[in-house]
Every structure is written in structure tokens, then in C-alpha cells.
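Some notes on the structure that comes next.
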Amino acid sequence: MGGHYRYDGSFAGLLTLLARLLPARILPDAISVDPPLQQSLFTVVTTVETDQLLVEQFWEKLSTHLAPTCLRIVRLAFLADHPGRELMICRYLLLAWEGKNIGNMLAHSDVAPLWKLSQQVGREAHRYLGFVRFQEVEGGFYYAGIAPDHRILPLIAPHFAARFRDQQWLIHDNRHGEGIIHDRNRREWLILPMNVHAEPQLTLAEERFQVLWRSYFTTLAIAERENLRLQQSKVPKKVRPWLVEFS
Amino acid sequence: MAIDMMDRLKILAEGAKYDVSCASSGSFRRNRDGIGNAASCGICHSWTSDGRCVSLLKILMTNSCIYDCAYCINRRSNDVRRVMLTPAEVAELTIGFYRRNYIEGLFLSTGVVRSPDYTMELLIQAVRTLRQGYRFNGYIHLKLVPGADPLLVEEAGLLADRVSINLELPTREGLALLAPDKSRDAVVGPMRQVNKLIVINREERQVSRQVPRFAPAGQSTQMIVGATSETDRQIVTLSEELYRRFELKRVYYSAFIPVITDSRLPVRPASPLRREHRLYQADWLLRYYGFRAHELLDEESPNLDTELDPKTGWALRHREMFPVEINRADYEVLLRIPGIGVRSAKRIVRARRQGHLGIDDLAILGVVMKRARYFITARGRTAGASNLESSLLRSTLMGGKRKQADSQLELPLSRPQADNEIIDLVTGEL
Ligand code: SF4
């Protein structure tokens, strides 16, 4: 039992690791992304190489044994920016491995935290369906910068791909250094590592629409009902730099 | 050009901002090759400094009006600058905002120019440009003009996701007094017509999916509360009727706050926002909790309690039904317990299949124990002195809520429950 395990940080990587651990009922002491920041002298670290074939078999097995909502919880929790997420997932799935019907055990101590975490991720992803602001830049595409707490890009990509099919666009997660690129001609999107080196150059139309939007937005507020605290709980300070109407 | 557009946009947004309907939910349009789709669960894009969510470009086409409604800033006899956007400009603005993901769609209303039919045609032209010219599949909510020709009403419903016509005032007398140019029939006629067309459309679409959708997100209405002397009982009963007879998706309540003076209007109604808030809570109970209007209000107490939410109020009047054992009670009964909302009731039903729940499990499932504790048992155990004397319990349940000033109330302009638990559901739960 126990032990320290490392994987490559991808979902497939984690599944590979779990495919090895769960059947042996092993609950590790730690799971970390390769390479780890520091190692204690006496721990033995096992690094697991991602194995696509194994992943597919394992996922199929999970899909037949677990309700879709449970799989969704696992997927969402994996995207959480939370250092303990791998171990939490491991604990959760171990319960299922013991034959428990985890779908309904919402109050269990190995279920509730993961469920909560997945809800946080899901909620943030939902919020970002509204919090993305595209800017039309020279070169014929739309750019949006965001800095979400969790790695929500895979969750929001399908929504924007369906909605802005006829646009070339890009959503850049500045915090995690990755972005989605949508190609309107090929009708597909990709998530890639991404960093920005220069300010995007806005088109004239872009500047005009930003001005119009800002003035529209300020007009909407009803002065007698001002409630900045409520506004702040809905639009936290940390997301405002990315929102045209707050900049 | 941009400056002029900005001025007009400001004036026309100003004129529509008191219109409370905001939800863009309940529709689902797929995007084939154009732009946009209507998400079925509603997405808020921003929140104004009064805490209201922004999801639609909400504007008037024009603030000119041939009518003279007492409560309205755009009425004929009021001296304000009159401006107008052309249908093409409305469409261009909508698309420009939508492409940048500022909005979920358009909410288009207007003052009445020349005639109801002429005005209705302008609105339709804007929407047609969006749908056909820009191939826009996003959400559109169109206001119907009272007295408009049924053919135009039908056309509007074929282009828009939701249509609405404002009831304005809860009673015929109120309407005659404050909006003398509009008759109850000019409002209710189109409402009835839209409901008929929705029903027919639903049946036709059962037979063939080729039939175009008619107002897929249904219709809603709005009324001003507190400008005339109706009781809450009259209002809530009317809403119940509207939900039942015309299958309205939402009834919105707008607390009357004077924007202009008129001898027919009350000067400064008492706690208008608190009253509005309670009406929304009562409305929520009608739509999602299986309550009937007469359970919430009767002749002896025709107005909602301002200090207590209506569900807690109901529970205190029916103490014989409590405490409820949460491991056994039916879903419908769970829903009637203060502090247990639709979501937590569903979770309880799911979780207890796995084994009996204890008191401590409930908070995890989202139950607001502060309120629920007096009304429940779990495995036969109570979570507090549930035999508190009624009057004492009442003040206990009121405690803490007091500090909210009127202006601090959050407007529950929320969207209907979606089943997906992940979605951040809003506030209305009681
Ligand atoms: S018809 Fe509408 S815009 Fe005209 S005065 Fe009445 S409420 Fe105002």
C-alpha cells in the first residue's frame, strides 16, 4: 500500500495510473505530476508512462460500471486547480471498486469533497460561458483572454464552437498557459500551450463596439438600487480586467 | 456617427431598463451555418452595479409614443428627447455585441409610433434582418404591441424565441385609470392568440419536425405592482390563472417606483422592493413547489408577510404537519419544508436510497439548516427544540434577515431549474 506516484499531467496519464492502482486496491500516499518539485530522500517514486490502449480499456470498464454523472464528476474534478485532486479521484473510484453505488452516496466523506470540487469547476465553466469577451483583431480573428481558477477550456470549447461557427476565434487561458483555437474552415478546435508576447491590435470596428458596449452597460444600472456587494459577488474583482465593461 | 449612435443607444436603453424580464432560457436553437445558438439554461454575461444580470441587449426601438400611460417616462405628454434606431441599426448592434460574446441575444421593445401595426412591423423588420440577413440563431425576445393585427402577432412568434405583452396592471380598473389608451382586451387578445398558436404548433410539430417553431420559449408578461391598490392575493391569484390558462412561462413583477409625477399615481409606495421580492418568492412556489395561490394568501391575510418568506409563513400556519421525517417523506412533502429547495429535496431522495440520512448529512446536501431544523426529524431525531412556541419560532426565523435594507434585496430574476446540478442555479430556492 501507499507509495508515491508520478504521471505526465494528462487525463490519460492519470487513467493509466489508476488502471494499475485500482485493481490492486492501492491508495497511494501521493500522486504528482512529473517532474515533482522536490523529493524527500527516502520515498520511492514510481513514474507511470501513459498507455493509450490501457486507457481505452479502462475507460470502457469505468463507463460500464459507473453512472455518467460519476464519470462527469471525475472529469470535472480532474480539471480543478487543486493539488489533491488525483488522490481524491483515486479514493472516490476505490469506493466504486469495492462495489459501492457511489452515485447516490453524496454525503460520504470520500464522495462529498470530490463532488464539491467538481461542482466548483462546473460552476466556473458555466460562468465563463458569459465571461469571455472577444476582441476583433487585425488579421481577421477574434481574441479573448481569461484567467480562470480551474482549467475549464475543454469544458467551454464545444459551446463556443457551436455558437461562433462562422468566426475564427481563440480563447487564451493566461493563468494556465493554454488556449483554444477554433478554425472556421475546418470546423474544429484544438487546445494548445499558448503565451502572449504582444498586445493584440484591435480593428476600428472593435473600438467602436467597445465604446458602445461600455456606455450601454453603464446606462443599464438603476441608481436607486445600487448594490455593489452583490455585483462583486457575481463579477469578482479578479475577472474584471478581462471584461470590456469593467476596463 | 459613433457619438450619435451612442446617444441614441443610451436613451433607448434607459427606456427599456426597467423592463424586468431577463431570462434567455427555455429555448434551444441550433446553429447550422450562421452565428449563434440559444442555450437552454440561460447565460448571464455581466452584472450591473445594482446587481442585475445582463444577458440580453435590452432596448427600445424608439421612445416616441402616441399613448399617454401615467407611469411611463415615454408617454406623449412627457417632455423628453425622442430618438429612434432603424431596424437595420438594431440588427447591426445586436450582431456586433453578440459576436463579442457580450450578450445572449436581443430583447426588443418600443413605444408606439403612428399605429400599433406600423410599430409591430418595424420590430418584425429588425428581427427578420437578424434571422435572415445575418443568419442569427441567438435568442430574441420581442414585445408585442397591444392592439396589433393577429397576422403580425403570428409573424412575430415565428421569428422570435419568446414574445410577451405587458399586462401592466393587475386589474381592468387599474389599467383604465393609468393606461387609458390600452384596453384589457388589446392586451389579453394577443396573449390568448399566442397561447393558441403555441398549442397548435406543439401538436403540428408532433406530426412533423419540419413545421417551424412558434415562440419556442413561450410567452411571458409583466405587471406593475403598487401603482394601484391591488392586494397580493389578487396578484398571486391572477398569476396562477395566467400560468394555468395561458401557460405563461413567466410573470414578472415590477415594483412601482415613480419616474414622473402624475396626480393619479401614489407618491411613494411603502417598501416596493420588498413587496416585489415576496411576490417573486410566492410565484416561485406556484411554479416549482406545487403551492396554490389560496394556500399562500386568503381573505383574512390578503398580503404577503414582509418579514418572512411565504414558504416559512405557510409552514408556521400549518404546524400540525411538522415535524417531517426526512427519510420517509414524499418529495412533494420535502418541498414544503422551509430551508429545503428543489435541489436539496432531489438530493435527499437520491441519497436516502443508499441508507438512512442523519441530521448531519443534510447540510452537505444543501439544506439550509437554520430554517429547516425546526421542521424535521431524521431517524426520528430532531435537530433543535422543534416545540418552540409558535410566536417564538416566528421571531427566531425572522432573526438575521432584518439587516437587509430594501434596496439590498437581490432580485430573483432567475432562470428555471435546469436538471444539471452543475449549473449555478439561482437564489429563488426557499
Ligand atoms: S404605450 Fe408603452 S411607451 Fe407608450 S406611454 Fe404607454 S407604456 Fe409608455
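For segment B:352-368, give me each residue that is assigned to a helix (DSSP H, G or I), more than 9 Å from chain A (Cβ to nearest Cβ) and open to solvent by 40 Å² or more (accessible area, probe 1.4 Å).
B:363
Checking residue B:224 against (1) at pLDDT 95 or above; (2) open to solvent by less than 30 Å² (accessible area, probe 1.4 Å); (3) aliphatic (A, V, I, L, M), which test does it fail?
Residue B:224 satisfies every listed condition except (1).
Within segment B:82-105, which residues are within 14 Å of the ligand (Cβ to nearest atom) and crowded, with 24+ Cβ neighbours inside 10 Å? Quick ask: steps written out before the conclusion?
Of all residues in segment B:82-105, those within 14 Å of the ligand (Cβ to nearest atom) come to B:82-84.
Scanning segment B:82-105 gives no hits.
Scanning segment A:108-167 for residues that are part of a loop (DSSP other than H, G, I, E, B) and at the interface with chain B (Cβ under 8 Å from one of its Cβ atoms), which turns out farthest from residue A:233 (Cα to Cα)?
Filtering segment A:108-167 down to residues part of a loop (DSSP other than H, G, I, E, B) leaves A:108-111, A:132-134, A:138-140, A:147-152, A:164-167.
Remaining after also requiring at the interface with chain B (Cβ under 8 Å from one of its Cβ atoms): A:132-134, A:164-167.
Numbers: A:132: 18, A:133: 19, A:134: 23, A:164: 29, A:165: 32, A:166: 34, A:167: 32 Å.
Filtering first and then ranking leaves A:166.
Checking the conditions here, which among A:141, A:78 is touching a Lys or Arg at 6+ places or on another chain (Cβ under 7 Å) and either hydrophobic (A, V, I, L, M, F, W, C) or open to solvent by less than 10 Å² (accessible area, probe 1.4 Å) (or both)? Break it down into steps so the answer makes sense when it comes.
Numbers: A:141 fails: touching a Lys or Arg at 6+ places or on another chain (Cβ under 7 Å).
Within the list A:141, A:78, the selection yields A:78.
Could you check segment A:76-107 and list, in sequence order, the residues that are within 14 Å of chain B (Cβ to nearest Cβ) and either in contact with a Leu (Cβ under 8 Å, 6 or more places away or on another chain) or in a helix (DSSP H, G or I) (or both)?
Of everything in segment A:76-107, those that are within 14 Å of chain B (Cβ to nearest Cβ) and either in contact with a Leu (Cβ under 8 Å, 6 or more places away or on another chain) or in a helix (DSSP H, G or I) (or both) turn out to be A:76, A:77, A:79, A:80, A:95, A:96, A:102, A:103, A:104, A:105, A:106, A:107.
Check off (1) within 16 Å of the ligand (Cβ to nearest atom); (2) open to solvent by less than 10 Å² (accessible area, probe 1.4 Å); (3) more than 14 Å from chain A (Cβ to nearest Cβ) for residue B:157 and give me the number that stays unchecked.
That leaves (1) as the condition not met.
What number goes with the only condition from (1) buried (at least 20 other Cβ atoms within 10 Å of the Cβ); (2) touching a strand residue (DSSP E or B) at 6+ places or on another chain (Cβ under 8 Å); (3) over 30 Å from residue A:202 (Cα atoms) that residue B:113 does not pass?
Evaluating residue B:113 over (1) buried (at least 20 other Cβ atoms within 10 Å of the Cβ); (2) touching a strand residue (DSSP E or B) at 6+ places or on another chain (Cβ under 8 Å); (3) over 30 Å from residue A:202 (Cα atoms) leaves (1) as the failure.
Go through the residues of segment A:208-219 one by one and say whether even a single one is away from every other protein chain (no Cβ under 13 Å), polar (S, T, N, Q) and more than 30 Å from residue B:257 (Cα to Cα).
In the first step, residues of segment A:208-219 are kept if they are away from every other protein chain (no Cβ under 13 Å); the result is none.
No, segment A:208-219 contains no residue that is away from every other protein chain (no Cβ under 13 Å), polar (S, T, N, Q) and more than 30 Å from residue B:257 (Cα to Cα).
Of the numbered conditions (1) of a type in the set (Val, Ile, Thr); (2) without any contact (Cβ under 8 Å) to a residue 60 or more places away in the chain; (3) within 16 Å of the ligand (Cβ to nearest atom), residue B:73 fails exactly one; give the number of that condition.
Residue B:73 satisfies every listed condition except (2).
For residues that are farther than 14 Å from residue B:108 by Cβ, modelled with pLDDT of 85 or more and facing chain A (nearest Cβ under 9 Å), tally how many sit in segment B:8-19.
Restricting attention to segment B:8-19, the residues satisfying the condition of being farther than 14 Å from residue B:108 by Cβ are B:8, B:10-11, B:14, B:18.
If we keep only those that are modelled with pLDDT of 85 or more too, we end up with B:8, B:10-11, B:14.
Then keep just the ones that are facing chain A (nearest Cβ under 9 Å); that gives B:10-11, B:14.
Summing the residues that are farther than 14 Å from residue B:108 by Cβ, modelled with pLDDT of 85 or more and facing chain A (nearest Cβ under 9 Å) in segment B:8-19 gives 3.
Inside segment B:56-70, can you point out the residues that are more than 7 Å from the ligand (Cβ to nearest atom) and more than 19 Å from residue B:8 (Cβ to Cβ)? Give the steps one after another, and end with the answer.
Pass one, segment B:56-70, residues more than 7 Å from the ligand (Cβ to nearest atom): B:56-64, B:66, B:70.
Correct list: B:66, B:70.
Would you mind telling me which numbered condition in (1) among the charged types (D, E, K, R); (2) within 16 Å of the ligand (Cβ to nearest atom); (3) within 25 Å of residue B:131 (Cβ to Cβ) residue B:204 fails?
Going through (1) among the charged types (D, E, K, R); (2) within 16 Å of the ligand (Cβ to nearest atom); (3) within 25 Å of residue B:131 (Cβ to Cβ) one by one, residue B:204 breaks only (2).
Residue-wise test of (1) over 16 Å from the mean Cα position of the chain (by Cα); (2) more than 21 Å from residue B:35 (Cβ to Cβ); (3) among the β-branched types (Val, Ile, Thr).
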position: A:133; (1), (2), (3): yes, no, no
position: A:136; (1), (2), (3): yes, no, no
position: A:156; (1), (2), (3): no, no, yes
position: A:161; (1), (2), (3): yes, no, no
position: A:168; (1), (2), (3): yes, no, no
position: A:177; (1), (2), (3): no, yes, no
position: A:183; (1), (2), (3): yes, no, no
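Suppose we filter segment B:41-80 for residues that are within 14 Å of chain A (Cβ to nearest Cβ) and surrounded by fewer than 17 Cβ atoms within 10 Å (Cβ to Cβ); how many remain? Outline the logic, then answer.
The first filter runs over segment B:41-80 and keeps only residues within 14 Å of chain A (Cβ to nearest Cβ), leaving B:41-60, B:63, B:73.
So of that shortlist, the ones also surrounded by fewer than 17 Cβ atoms within 10 Å (Cβ to Cβ) come out as B:73.
Looking only at that region, the number is 1.
Consider only pairs whose beta carbons are under 6 Å apart and that are at least six residues apart or on different chains; among these, list those whose first residue lies in segment B:97-122 and is free of Cβ contacts under 8 Å to residues at least 12 places away in the same chain and whose second residue is more than 15 Å from the ligand (Cβ to nearest atom) and aromatic (Phe, Trp, Tyr).
Filtered contacts from segment B:97-122: B:100/A:134.
Can you work out which of the residues in segment B:160-182 that are open to solvent by 50 Å² or more (accessible area, probe 1.4 Å), away from the ligand (no atom under 11 Å from the Cβ) and in contact (Cβ under 8 Å) with a residue 12 or more places away in the chain is nearest to the other protein chains (Cβ to nearest Cβ)? Walk me through how you get there before you give the answer.
Initial filter on segment B:160-182 (open to solvent by 50 Å² or more (accessible area, probe 1.4 Å)): B:172-173, B:176-177, B:180-181.
In the following step, the residues that additionally are away from the ligand (no atom under 11 Å from the Cβ) were identified as B:172-173, B:176-177.
Next cut, in contact (Cβ under 8 Å) with a residue 12 or more places away in the chain only: B:172-173, B:177.
Numbers: B:172: 29, B:173: 28, B:177: 25 Å.
That would be B:177.
Can you tell me which condition residue A:177 does not meet? The list is (1) open to solvent by less than 60 Å² (accessible area, probe 1.4 Å); (2) within 12 Å of another protein chain (Cβ to nearest Cβ); (3) over 30 Å from residue B:50 (Cβ atoms), and all the others hold.
(2)
Residue by residue, here is whether (1) at pLDDT below 95; (2) of a type in the set (A, V, I, L, M) holds:
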position: A:4; (1), (2): yes, no
position: A:12; (1), (2): yes, yes
position: A:30; (1), (2): yes, yes
position: A:34; (1), (2): yes, no
position: A:39; (1), (2): yes, no
position: A:47; (1), (2): yes, no
position: A:53; (1), (2): yes, yes
position: A:69; (1), (2): yes, no
position: A:80; (1), (2): no, yes
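Would you call residue A:202 open to solvent by less than 60 Å² (accessible area, probe 1.4 Å), more than 9 Å from chain B (Cβ to nearest Cβ) and more than 24 Å from the chain's Cα centre (by Cα)?
On the way: open to solvent by less than 60 Å² (accessible area, probe 1.4 Å): yes; more than 9 Å from chain B (Cβ to nearest Cβ): yes; more than 24 Å from the chain's Cα centre (by Cα): yes.
Here the answer is yes, as residue A:202 does meet what is asked.
Inside segment B:374-401, can you point out the residues that are at pLDDT 85 or above and under 19 Å from residue B:307 (Cβ atoms)?
Answer for segment B:374-401, where residues must be at pLDDT 85 or above and under 19 Å from residue B:307 (Cβ atoms): B:374, B:375.
Going through segment B:106-154 one residue at a time, which ones are hydrophobic (A, V, I, L, M, F, W, C) and more than 16 Å from the ligand (Cβ to nearest atom)? Can you show your working first?
Step one: list which residues in segment B:106-154 are hydrophobic (A, V, I, L, M, F, W, C), which gives B:106-108, B:112-113, B:120, B:122-124, B:126-127, B:130, B:136, B:140, B:142, B:144-145, B:148, B:151-153.
Matches in segment B:106-154: B:106, B:124, B:126, B:127, B:130, B:136, B:140, B:151, B:152, B:153.
The values are calculated or read from the model by the stated rules, or taken from the named source; none is laboratory data. This is a predicted model, so every value here is computed, not measured. We place every Cβ from the backbone using ideal geometry, glycine too, and count neighbours over all the protein chains shown. Remember, those area values only see protein heavy atoms, side chains included, never the ligands or the DNA or RNA. Shrake-Rupley method; radii C 1.70, N 1.55, O 1.52, S 1.80 Å.
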